[in-house]
Amino acid sequence: MKYAIVEDGGKQYKAVEGETIEVDSYKADIGEQIDLDRVLLISDGENTTIGTPFLKGAKVEATIEAQIKGPKIVVFKYKPRERYRVKTGHRQRYTRLRIGSIVEKSGGKNGS
């Protein structure tokens with residue numbers, strides 16, 4: 001099983017070929033191809049390549065599958081004895097990516 005650890009939006013995700021991940025929202029259309037080029041690690045089960053901090057020339061090719069919303073989070077502010085009550089909510093927007101292929105630059109140690 002070949003997988004890569006990629007960084008996107010300050011978060012790290014495990015990208016496995018053929019599976020999906022949910023990342024912070026992209027302003028792009030469904031079906032559009034994107035490349036995640038901030039690859040930290042690539043492993044194929046036997047060999048593992050670790051970047052310092054990123055692997056040069058490595059990228060993960062993905063397709064935008066859907067624009068979705070996460071679960072609703074209720075924020076309730078309350079101060080006793082002051083008649084202060086505020087109820088608000090929030091739903092985070094995510095983009096579901098279908099991982100196509102993990103491209104590793106064939107070269108020397110650490111992708112250089």
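Computed from the coordinates by the stated procedures, all read-outs in this text should not be read as laboratory data. Keep in mind the model is a prediction, meaning the values are calculated, not measured. Cβ atoms come from the backbone with ideal geometry, glycine included; neighbour counts cover every protein chain shown.
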Inset, instruction - Could you tally the net charge around ARG85, taking each other residue with its Cβ under 15 Å from the Cβ of ARG85, Lys/Arg +1 and Asp/Glu -1? - result: +4
Legend entry - Rough spin-label spacing in nm, given labels placed 7 Å along Cα→Cβ, for THR20 and ARG85: 3.8
Legend entry - Model label zone, ARG93; criterion: amide N under 13 Å from point 7 Å along Cα-to-beta-carbon; scope the stretch 1-41: 24-30
Inset, instruction - State which stretch of the chain is the longest one without any exposed GluC sites (Glu not before Pro), exposure meaning a DSSP loop state and at most 13 other Cβ atoms within 10 Å. - result: 47-81
Inset, instruction - Take the alpha-carbon centre of the stretch 52-105, take the same for the stretch 1-19, and report the distance between them in whole Å. - result: 15
Legend entry - Exposure proxy ranking, count of Cβ atoms within 10 Å, fewest first, for ASP37, ASP44, ASP8: ASP44, ASP37, ASP8
Legend entry - Sequence-separation-based contact order of the chain, relative, with Cα cut under 8 Å and 6+ spacing, percent: 31
